[in-house]
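Here's the structure we're looking at; comments come further down.
What follows is calculated from the coordinates using simple rules that are stated; it is not laboratory data. Every value quoted in this text rests on a predicted model; they were computed, and no experiment measured them. Virtual Cβ from ideal backbone geometry, glycine too; neighbours counted across all protein chains shown.
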Amino acid sequence: MKTIKEQQIVTVQTRIDAPLELVWKLWNTPVDIIMWNTAREDWHSPKAVNDLRVGGRFRIRMEAIDGSQGFDFSGVYDKVVPLEEISYTLDDGRKATVMFYRNNGKSRIVETFEPEKENPVEVQHDGWQAILDNFKRYAEVRSAFSKPPRISHVITPCLWFDHNAEEAVNFYVSVFRNSKILNKTYYSREGYDIHHMKEGTLLTIDFQINGQPFTALNGGPEFKYSEAISFQVLCETQEEIDYYWLRLCEGGEEGQCGWLKDKYGVSWQIAPSILPKLLSNPAKAERVMHELMPMKKLIIDRLKNA
């Protein structure tokens, strides 16, 4: 026969297809709590504060989306065992416990609480279960997206040009060995009211530089390049640096520290392949930087001898 105390305890639970470490994090991190802590679509939790330690306080604001009503779900932690148990006392004196279980890469949560006296126990059970079910959905989505899918193709930079993509690609293919043009596409009449390109105008060119794929796009004058994106060309010898610096600067402009901007506005870094090693050497890094910063075209011997 159940005791009075046992009859006053309500239990809700769920199984979650997500690792326990992630479940624990999502359950206790405020930015995640506000994403899942709701029992109904017309309610939400706009704010959560969580000091997860024995004696620490938590406060989760729960409100109707239309602002008509709301309350604070708050209390103090009595017991915290990472990845296993959280027990707390609500501000109205009621006790609750959350147990976490690991099961073959998945998780289970069992939540028990003392019901309040204003609402039927069945309603409270359903409300807490609805929140737990919402957490399950949130955690499983987050778990699915925590493992990025395999990319089936190499990531390809796309270079935006006004109307001279073909000229630019021909230039780059002439500068770099082991380069080739792969494919071309052209604008059709469809979408003219948006792109304003005459039918038959070159749209894209797929090409490679030393095996690295690129796409050049004739997109119009809307966007310009900046030094925020640049392409590194690491060179073994000073002869290579001199060659790429001279060729890529044709019609362009020199910059500092091995940077330059070609005649199409694309930024390049022409640097010796040994530079990362020199800068990672604590005994030389400061002297190397002292030589490096005033340079435009980099001189390998000066950097090595710094």
Size of charge dipole - the chain - debye, nearest 20, with Cβ of Lys, Arg +1 and Asp, Glu -1, no other charges: 960
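Please compute the alpha carbon radius of gyration of the range 151-223, then divide it by the globular-protein estimate 2.2 N^0.38 Å. Two decimals is fine. All intermediate terms of the calculation are to be shown ahead of the outcome.
On the way: Rg = 13.0 Å, N = 73, 2.2 N^0.38 = 11.2 Å.
Compactness ratio reported: 1.16.
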For peptides 16-25, 34-43, sequence by mean Cβ density within 10 Å, most packed first: 16-25, 34-43
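With a cut-off of at most 12 other beta carbons within 10 Å, and DSSP calling the residue loop, which trypsin sites (Lys or Arg not before Pro) in the range 152-208 qualify? Please list them.
Details: sites: Arg177, Lys180, Lys184, Arg189, Lys198; in loops: Arg177, Arg189, Lys198.
Answer in residue order: Arg177, Arg189, Lys198.
Antiparallel as a % of all DSSP beta bridges within the chain, to the nearest 5?
On the way: 57 of 67 bridges.
In the chain, DSSP labels about 85 percent of beta bridges as antiparallel.
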Cα pair distances in the chain, grouped into 20 Å bins until the bin that holds the longest one, percent each: 23, 27, 32, 17, 1
Distance between the range 278-304 and the range 155-217 - C-alpha centres, whole angstrom: 37
Estimated inter-spin distance, Arg150 and Asp193, nm [label 7 Å along Cα→Cβ]: 4.4
Approximate spin-label separation Lys180-Lys277, in nm, with each point projected 7 Å along Cα-to-Cβ: 3.2
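Residue separation times 0.36 nm, minus the C-alpha to C-alpha distance between Thr112 and Glu286: what's the value?
Numbers: separation 174, 0.36 × 174 = 62.64 nm, distance 6.04 nm.
Fully extending the segment from Thr112 to Glu286 adds 56.6 nm.
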Sparse-neighbour loop sites [GluC sites (Glu not before Pro); the range 132-203; at most 16 other C-beta within 10 Å; DSSP]: Glu190, Glu199
Fully extended contour minus Cα-Cα distance, from Lys263 to Arg94, at 0.36 nm per residue: 53.7 nm
Cα-based reach from Lys284 at 13 Å (exclusive), listing aspartates and glutamates while leaving out same-chain residues under 8 positions away: none
Spin-label model distance (nm) - Met295 vs Gln238, 7 Å beyond Cα toward Cβ: 1.0
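Would you kindly state how much longer the chain becomes between Asp162 and Asn103 on full extension, computed as 0.36 nm times their sequence separation minus their alpha carbon distance, in nm to one decimal?
Values: separation 59, 0.36 × 59 = 21.24 nm, distance 5.69 nm.
Answer, rounded to one decimal: 15.6 nm.
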Nearest-20 debye value, the range 14-79 charge dipole, Cβ charges on Lys, Arg, Asp, Glu: 300
